[in-house]
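What follows is a single structure, written as structure tokens, with notes after it.
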Amino acid sequence: MDEDTWGSGLTRRRVLTSAAFFAGSTLVPRPSTAAGDEAGDLIERLAGKRATESNRVHLQMPRVFPNGYTVPLALAVDSAMTEAEHVVYVRVLAPRNPIVEVATFHFVPKRSEPRVATRIRLAEPQEVLAMAEMSDGELLMARTWVDVATNGCI
Amino acid sequence: MFTATPRVQVPEALTKGEIFKVRALITHPMETGLRRDADGRGIPRKIINNFTCRYNDILVFSVDFHEAVAANPYIEFHLRATESGRLEFVWEEDGGSVIALRHAISVY
């Protein structure tokens, strides 16, 4: 009997959530805008300030990849890398992983270029984020969607 | 017991001012601390949490690794050739042990 109540409750909830979902999608013309706010809020929570979406940050990952254990990631930031104007660090986040932080790369003006590649684990298909802190304190970000077929158990 | 083996690849000869690619890899399981063994006990976290590269003792590049970096962490990065000398690569593991590798470079 308990099970029945629970069962019907769940069904109703399912109906309600899917209704809300559809209502949401008609109200918000571009669902990506809503997702963008989510990513933006996450970055603000972690870094203490808002990031600006920028085409100076290039985050390259395969759109679809067979397994989540070792997904290639390449990133680059357009910067002169002078003392006056450079990239301090780039932080990579996977918001749908059990642990959101992936890696942070630190650069030194005139000595290293903000251009790196590595391999990461993704627990499920998701949008991966890269945020770059510039020497003037500005935060720039880029994002890319990655569909993993088997999830990297992390 | 497994041993972490580091490997790096750096170009043979460099021209002053040139940007060159460094590839660094270390064999390591990168145990996340989120998995359980067959008896249901948690397997403690043990990852390489940091990597640094020094060029004639000056820090030129570093990375903080978290759990989501794949096993056998591989990193490709770019440095500017300033003078001949030595590159030193250091990987730091949870618990404090470090693995270091040195590599001579010639800049003409």
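The values are calculated or read from the model by the stated rules, or taken from the named source; none is laboratory data. Just so it is clear, the structure is predicted and the values come from calculations on it, not from any experiment. No Cβ is skipped: glycine too gets one built from the backbone with ideal geometry, and neighbour counts run over all protein chains shown.
Here are a few things to note about the model shown:
A quick yes/no check of all residues on (1) facing another protein chain (nearest Cβ under 9 Å); (2) farther than 23 Å from B:ASN50 by Cα:
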{"residue": "A:MET61", "(1), (2)": "no, no"}
{"residue": "A:PHE65", "(1), (2)": "no, yes"}
{"residue": "A:THR82", "(1), (2)": "no, yes"}
{"residue": "A:ARG91", "(1), (2)": "yes, no"}
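- Just so you know, in region A:95-109 the residues that are at the interface with chain B (Cβ under 8 Å from one of its Cβ atoms) and part of a loop (DSSP other than H, G, I, E, B) include one that is modelled with the highest pLDDT, and it is A:VAL108.
Conditions tested, residue by residue: (1) of a type in the set (Asp, Glu); (2) surrounded by fewer than 18 Cβ atoms within 10 Å (Cβ to Cβ); (3) out of contact with any Ser or Thr (no Cβ under 6 Å at 6 or more places or on another chain).
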residue	(1), (2), (3)
A:GLU44	yes, yes, yes
A:GLN60	no, yes, yes
A:ALA74	no, yes, yes
A:ASP78	yes, yes, yes
A:HIS86	no, no, no
A:TYR89	no, yes, no
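- Looking across region B:37-80, the residues that are of a type in the set (Gly, Ala, Ser), at the interface with chain A (Cβ under 7 Å from one of its Cβ atoms) and assigned to a loop (DSSP other than H, G, I, E, B) come down to B:ALA68, B:ALA70.
- So A:MET131, is it touching a Ser or Thr at 6+ places or on another chain (Cβ under 8 Å), buried (at least 17 other Cβ atoms within 10 Å of the Cβ), away from chain B (no Cβ under 12 Å) and touching a residue at least 40 places away in the same chain (Cβ under 8 Å): no
- Apart from one condition, A:VAL57 fits all of (1) at the interface with chain B (Cβ under 10 Å from one of its Cβ atoms); (2) aliphatic (A, V, I, L, M); (3) more than 18 Å from A:THR150 (Cβ to Cβ); the exception is (1).
- Some residue of region B:6-20 being away from every other protein chain (no Cβ under 14 Å), modelled with pLDDT of 95 or more and closer than 25 Å to A:VAL88 by Cα: yes
- Matching residues in region B:27-36 - criterion: being outside any strand (DSSP E or B) and of a type outside the set (A, V, I, L, M): B:THR27, B:HIS28, B:PRO29, B:THR32, B:GLY33, B:ARG35
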